[in-house]
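What follows is a short report on a single structure.
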Amino acid sequence: MLASTRILLIIGGGIAAYKALDLIRRLRERGAAVTPVLTRAGAEFVTPLSVSALAGQKVYGDLFDLTDEAEMGHIELSRSADLIVVAPATADLMAKMATGQADDLASTLLLATDTDVLLAPAMNVRMWEHPATQRNIAVLRADGIGMVGPNSGDMACGEYGPGRMAEPLEIVAAVEDKLAAGPLAGKRIVVTSGPTHEPIDPVRYIANRSSGAQGTAIARALAALGAEVVFVSGPADTPPPGGVEVVRVQSARDMLAAVEGALPVDAAVFAAAVADWRVKSASDRKLKKTQGALPVLEFEENPDILATVAQRETHRPRLVVGFAAETDDVIDNATAKRARKGCDWIVANDVRPETGIMGGTDNAVTLITADGAEAWPRMTKVEVAARLAQRVAEALA
Ligand code: CTP
């Protein structure tokens, strides 16, 4: 519920502006007061009359005149809300925000505000994928601007791909998350999970037994504390949690690319069981059984995602957490692994078969930090996740 919350809704100029009308209704249904701002381009797609009728308030437009300024100055308007939502957020509006331009009412409000901002981007797929837009998105994320969507699908322009504005109810859910005062609200965290599949040929691959249970529980626990979670998952048995952005990958190299694509983030938790090696020159045609000759697979090393991110010079997350599944000298090995990889914490566990941890519901972990080793009692993986999420919240506070 959004009872007595005040939303300043900036409607940019894109075909998705029609969905902003429904968004106003959905927000008001939940008790929010919506103050609309319609850009000049936005007014080409929806009329000020429909916007004000649905919002039950006057619309602030580009022609913000002296009467408006006397009623409520633009600085005051920019700070009068609990949250500013920009839907649709066009490539142009995002570029202005990333560079701090203020040449109309919407961009001036966005520059003058000290309130949280949530963008619902909408644009043509090529515009979304353009390096300029991607650069602007990285800048905006680093500035702490929240984003919901865009979704992939058929677009009004006839193309297919990412760029469609999130649906009104998805935006409402993101508004609710953003306003929920969880200790991780406003924090963006990437979590890797599950196994990776390394191809041998188009039908065969090398994998491992990771179910993805622990990584999924961690992503869910972080989201429950209000974090915006990017969940990068290999082909796992456990379905991904709700309320997170899911990026599905196959190989270690795909996983690294997805993690790097999610940066900048405040924290990164690497729970995936990444294959250490891949098949060198995997065949793009199915290998045939040839009489008398067994295939010989040659391996090469995969990138170490945890070490790569922990040792980055730019956009290194403030907190980098790795896992260490060990069968011998758990504490010593995990402590050495923490130093070798350059991460802040290692969650270590003993995976000898007699512990029943691999594939089971329980886990017994030791948290290794710069201050030493802290053994946690045996508990369920869901409880480990909740405790770890709480510790992450304390570290990022
Ligand atoms: N990891 C990773 N990328 C890899 C391998 C591992 O991100 N290519 C991460 C895992 O997600 C985990 C941590 O590194 O958080 C530890 O993985 P592990 O496989 O145990 O470490 P190794 O470097 O393989 O060490 P060792 O083989 O000595 O156990």
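Quick notes
- Here is the list for region 1-60: trypsin sites (Lys or Arg not before Pro) lying in DSSP coil, each with at most 15 other C-beta atoms within 10 angstrom of its C-beta, are R30, R40, K58.
- Residue among A386, A267, A53 with the largest mean-square fluctuation in a Gaussian network model of the chain, springs linking Cα atoms under 10 Å: A53
- Among beta bridges that DSSP assigns inside region 6-179, antiparallel share in %, nearest 5: 20
- Mean Cβ neighbour count within 10 Å, used as a protection proxy, ranking 153-161, 320-328 highest first: 320-328, 153-161
- Listed residues L21, L294, L105, most fluctuating in the chain (Gaussian network, C-alpha, under 10 Å): L294
- Antiparallel bridge percentage (DSSP; both residues within region 188-396; nearest 5): 40
- Added length on full extension, which subtracts the Cα-Cα distance from 0.36 nm per residue, E298 to A375: 23.8 nm
- Accessible area per residue for region 328-393, computed on protein heavy atoms with a 1.4 Å probe, is 51 Å².
- Inter-probe distance in nm under a simple model that places probes 7 Å from Cα toward Cβ, at Q250 and A207: 1.2
- Region 245-347: trypsin sites (Lys or Arg not before Pro) in DSSP loop, at most 11 other beta carbons within 10 Å: K280, R285, K286, K288, K289
- Highest-fluctuation residue, F270, F231, F299 considered, GNM on the chain with Cα pairs under 10 Å: F299
- Computed lengthening from A395 to R126, 0.36 nm per intervening residue step minus Cα-Cα distance: 93.0 nm
- Taking one quarter of the surface of the C-alpha convex hull of region 6-179 gives a mean projected area of 9.0 nm².
- Across the alpha-carbon set of region 188-396, the Rg to Rh ratio works out to 0.99, Rh being the Kirkwood radius.
- For a straight C-alpha distance cut-off of 19 angstrom, the lysines reachable from K288 (same-chain residues fewer than eight places away being disregarded) are K280.
- Summarising the strand pairing of the chain, around 30 percent of its internal DSSP beta bridges are antiparallel.
- Considering the chain at the alpha-carbon level, its Rg and Dmax are found to be 24.0, 90 Å.
- Within the same chain, lysines fewer than 8 places from K187 are excluded, and of the rest, those with a Cα less than 16 Å from its Cα are K178.
- With the Kirkwood sum run over all distinct C-alpha pairs, region 143-239 has a hydrodynamic radius of 15.7 Å.
The values are calculated or read from the model by the stated rules, or taken from the named source; none is laboratory data. Because the structure is predicted, anything quoted here is derived from the model rather than measured. Backbone-built Cβ (ideal geometry, glycine too); neighbour counts: all protein chains shown. Heads up: the accessible areas ignore ligands, DNA and RNA and are worked out on the full protein's heavy atoms, side chains in. Shrake-Rupley method; radii C 1.70, N 1.55, O 1.52, S 1.80 Å.
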